[in-house]
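I have placed the structure first, in the form of structure tokens, so that the comments after it can refer back to it.
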Amino acid sequence: MVPTLQGLRATQAIVTHPVQWQLLLALVQRPQTTGQLLHQLAVGHYGRGLWGLAQLQRHHLVVFHMKQWRWSLTATGATLRPILTAIQTCSTIQKGGNTNDV
């Protein structure tokens, strides 16, 4: 548990905007195109979405694959999967999802 909390604190220092968290959470499941990622954001946040992708790429958490035209987590970003999965689980529970998954 302690390494996960340390990882979360380090991630919070890098990922500073809610849009960045949304993008990371979307990429946990699978690589996605820019359009797919931006479609998941609230209307009017497309500019922030592009900015968020650029910031995440700058911190080596995501990468854009030119041949596939897809964004995905880097090896460093993939180390955040346990944290991101925990966030998704908590969000599901808050929305009235199944609490037996915890």
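Would you check which residues across segment 30-39 are surrounded by fewer than 16 Cβ atoms within 10 Å (Cβ to Cβ) and either touching a Gly at 6+ places or on another chain (Cβ under 7 Å) or more than 16 Å from Thr74 (Cβ to Cβ) (or both) and list them?
Passing the criteria: Thr33, Thr34, Gly35, Gln36, His39.
Across segment 1-18, which residue is nearest to Leu73 (Cα to Cα) among those that are assigned to a helix (DSSP H, G or I) and modelled with pLDDT of 85 or more?
Ile14
Read through the list (1) under 13 Å from the mean Cα position of the chain (by Cα); (2) more than 12 Å from Thr11 (Cα to Cα); (3) of a type in the set (Ser, Thr, Tyr), then give the number of the only condition that Thr76 fails.
(2)
Yes/no matrix, rows are residues, columns are (1) surrounded by 13 or more Cβ atoms within 10 Å (Cβ to Cβ); (2) of a type in the set (Lys, Arg); (3) assigned to a loop (DSSP other than H, G, I, E, B):
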{"residue": "Leu41", "(1), (2), (3)": "yes, no, yes"}
{"residue": "Gly44", "(1), (2), (3)": "no, no, yes"}
{"residue": "Gly47", "(1), (2), (3)": "no, no, no"}
{"residue": "Trp51", "(1), (2), (3)": "yes, no, no"}
{"residue": "Gln57", "(1), (2), (3)": "yes, no, no"}
{"residue": "His60", "(1), (2), (3)": "no, no, yes"}
{"residue": "Val63", "(1), (2), (3)": "yes, no, no"}
{"residue": "Gln68", "(1), (2), (3)": "no, no, yes"}
{"residue": "Trp71", "(1), (2), (3)": "yes, no, no"}
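Scan segment 75-93 residue by residue and report those that are surrounded by 15 or more Cβ atoms within 10 Å (Cβ to Cβ) and in a loop (DSSP other than H, G, I, E, B).
Leu80
Looking at segment 56-78 only, could you name the residues that are touching a residue at least 40 places away in the same chain (Cβ under 8 Å) and under 16 Å from Trp21 (Cβ atoms)?
Leu56, His59, Leu61, Trp71, Leu73, Gly77
Quick check: anything in segment 19-34 farther than 16 Å from Leu84 by Cα, part of a helix (DSSP H, G or I) and in contact with a helix residue (DSSP H, G or I) (Cβ under 8 Å, 6 or more places away or on another chain)?
Yes, segment 19-34 contains at least one residue that is farther than 16 Å from Leu84 by Cα, part of a helix (DSSP H, G or I) and in contact with a helix residue (DSSP H, G or I) (Cβ under 8 Å, 6 or more places away or on another chain).
The values are calculated or read from the model by the stated rules, or taken from the named source; none is laboratory data. These numbers were taken from a predicted model, which means no experiment stands behind them. FYI the Cβ positions are ideal-geometry reconstructions off the backbone, even for glycines, and counts take in every protein chain you see.
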